[in-house]
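The values are calculated or read from the model by the stated rules, or taken from the named source; none is laboratory data. Note that the structure is a prediction, hence the values are computed from the model and not measured. In this analysis, Cβ positions are derived from the backbone assuming ideal geometry, glycine residues included, and neighbour counts consider all displayed protein chains.
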Amino acid sequence: MARKSRKNIPEVVSSATVQTDVSRPFRAGLYARISMETEETLERGTIETQVELMKNFVADTEDISVAEVYKDSDYSGTNFDRPGFVQMMEDIKHGKINCVIVKDLSRLGRNYVETSNYIERVFPFFHVRFLAVTDDFDSFREGVDLTVPLKNIINEFYSKDLAKKSSSAKKALWKKGKFTSAWEPYGYRKSEEDHHQLIVDEEAADHLKSIFSMYMDGRSYSDIARQLNKDGVLSPTLQRKFYKTGEKPLPESKPWNNYEVKRVLQDVHCTGDSVFGKYQQSVFQGNKQRNRPESEWVHVENTHEGIIDRELFQQVQSKIQEYTEAYKKKHQQNNGAIRNHNFYTGKIWCGGCGNRMTLSRERNGTFFYICGANTNHKSGGKQCKGHRVRKEYVDDDVLRLIQTHMKTVLDTEKMIQEMNTASKNQTQYLLLDKEVGKLRRELSRISKRKSDLYEDYSERLITEEEYIQFSRIYSNEIENIKSRLDTVLAAQVRYSQDYHIEEGWGNVIHTYMSKRKLTKEMADAFVDSIIIHGKYEYEIKLVYDDQFADLQKLKKEKERSQDDRS
């Protein structure tokens, strides 16, 4: 049966009118990448070299202009979680660029599956042209280029082989006692003559000796950290930054903490020995790091000058072990009770420093929420007083707030139902009902047009390009109608004589309305977060606070409407 040509085609703006430069329709993003491991020997060029090559290429074309340049320095090509690449994809989605240019395929990525997915699926989906200059690859060129997947496979094998060779080379250096880590252990710095050799930093070494001495005198990790911060001693992180930049940072910008103190006390490098290979990374599993078993570690003695006597080091390790075992034993007894009494796990925070507060039980059985930060510790520029508050005080306030919330909601719901019986509200309800019917008919009509598009395309009444373009236009129209329909339906509910709050919210309220004692289940259902500002000063946010605010707003609108009629 004969059909009218293009009967389902909507009115659209000509594609020529949306181009900023008709003579150069492709707005290109130049993407350059260089990885840290191979920068000196294998990349054969810098980021700037890649960009220059691509700009010269664009200058010789007639249909491409450079819209943006994206760079990723010191990022591996085996995964795509790179800031420059991520920004480029965002610009593609927002239509800023419609062409991607790289020096060669390996700059895009060295993972065969992911790289092929971008070239063969993602870029075509966004109608993006992809070019690899030195590989002479152009995705808009007619014909299938079978060398692309092959070159990607070669790149992936190359990366795997490079990783294996790098690992073997590191192991050979380890056995010779050569230091290969990017970061020096505390008390040492790398020799300028040989970066694989550690030399003593006299100032940091003195602080290291002091740390061991304080610990053997019975001082805790937190006490030692406080003393170091008070004395203005640079933490290991800041010490390494100082070595790298030559500029001494402010000690308070990254102060000592319990973890840093313990890690320094347990680092065997301070004895003059080295331990390598504690961790393993796989570049083909997203650079995930895992702990190696101790049997696989490489332990080499006397690789550099020692700062701490081996006997003292072992005494400290024994003391740490004894403390750890005693701590575990104590907390295994308390953990069960604490878990049962902690109603706000992951939801209660210190208003002074923003740290999460934890539940602790005193010897007399009283439970307290305490801030883990040191007293007077600064975090993010805020002064923390180490807040501490009794659990029962928090529970009482939370229960009162939840009970008030539930009663107010049910009273307001009933009041709105009564106000909706007024004739003016019923008239508004019917008007909205007509609008709902109109939008549903429009939605059905546009959906039918969209489904008919494929038939037009299959009968060659429209081209593939037109099919994609018009399908997208209809999809946008459908989404707009659905959005308007949701808005009208929501408004209609507000005028119903049988008005009810959201079902999930209502079910939660009816479940706990008769409860007179706070339970963990009730807290889970209602409490979103609690911020402790002081002994009796809490900021409690409930899960349904936004819905509650909307309900109160609706109530006020109804009251104003009644006042206007009177």
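Taking the stated definitions as given, is residue 442 surrounded by 15 or more Cβ atoms within 10 Å (Cβ to Cβ) and at pLDDT 85 or above?
Here the answer is yes, as residue 442 does meet what is asked.
For segment 17-33, state whether one or more residues are out of contact with any strand residue (DSSP E or B) (no Cβ under 7 Å at 6 or more places or on another chain), surrounded by 14 or more Cβ atoms within 10 Å (Cβ to Cβ) and either closer than 22 Å to residue 139 by Cβ or at pLDDT below 75 (or both).
yes
Scan segment 43-72 and report the pairs whose first residue is in a loop (DSSP other than H, G, I, E, B) and whose second residue is aromatic (Phe, Trp, Tyr), with Cβ atoms within less than 9 Å and a gap of 6+ or a chain change.
61/26; 63/26
Do we have any residue at all in segment 251-267 that's at positive phi, surrounded by fewer than 18 Cβ atoms within 10 Å (Cβ to Cβ), of a type outside the set (Val, Ile, Thr) and in a loop (DSSP other than H, G, I, E, B)?
Within segment 251-267 (the criterion being at positive phi, surrounded by fewer than 18 Cβ atoms within 10 Å (Cβ to Cβ), of a type outside the set (Val, Ile, Thr) and in a loop (DSSP other than H, G, I, E, B)), the answer is no, since none of the residues qualifies.
Go through (1) at pLDDT 90 or above; (2) within 23 Å of residue 124 (Cα to Cα); (3) surrounded by fewer than 18 Cβ atoms within 10 Å (Cβ to Cβ) for residue 59 and report which single condition fails.
For residue 59, the failing item is (2).
Could you look through segment 92-122, keep only residues that are of a type in the set (Asp, Glu) and out of contact with any Phe, Trp or Tyr (no Cβ under 8 Å at 6 or more places or on another chain), and pick out the one that is farthest from residue 68 (Cα to Cα)?
Only one residue fits best here, namely 120.
Is there any pair linking a residue in segment 186-202 that is closer than 11 Å to residue 269 by Cβ and assigned by TED's automatic domain parsing to the domain that holds residue 235 to one that is part of a strand (DSSP E or B) and of a type in the set (Ser, Thr, Tyr), with Cβ under 6 Å and at least six apart or on different chains, and which?
If the second residue must be part of a strand (DSSP E or B) and of a type in the set (Ser, Thr, Tyr), the pairs left are 198/188.
Identify, by number, the condition in (1) without any contact (Cβ under 8 Å) to a residue 12 or more places away in the chain; (2) outside any helix (DSSP H, G or I) that residue 113 doesn't meet.
Every condition holds for residue 113 apart from (2).
Return the pair list, or none, for Cβ contacts closer than 8 Å from residues in segment 290-301 that are in the same structural domain as residue 274 (by TED's automatic domain parsing) and under 10 Å from residue 275 (Cα atoms) to residues that are of a type in the set (D, E, K, R) and modelled with pLDDT of 75 or more, at least 6 apart or on different chains.
299/273; 300/273; 301/273
I'd like the full set of residues that are at pLDDT 80 or above, out of contact with any strand residue (DSSP E or B) (no Cβ under 8 Å at 6 or more places or on another chain) and loosely packed, with under 13 Cβ neighbours inside 10 Å, limited to segment 324-354.
324, 325, 326
How many of the residues in segment 525-539 are outside any strand (DSSP E or B) and either under 26 Å from the mean Cα position of the chain (by Cα) or surrounded by 14 or more Cβ atoms within 10 Å (Cβ to Cβ) (or both)?
Qualifying residue count for the region: 2.
Would you mind finding the one in 357, 406 that is touching a Cys at 6+ places or on another chain (Cβ under 7 Å) and either assigned to a strand (DSSP E or B) or modelled with pLDDT of 85 or more (or both)?
357
Restricting the search to segment 542-562, which residues are charged (D, E, K, R) and modelled with pLDDT under 85?
Passing the criteria: 550, 553, 555, 556, 557, 558, 559, 560.
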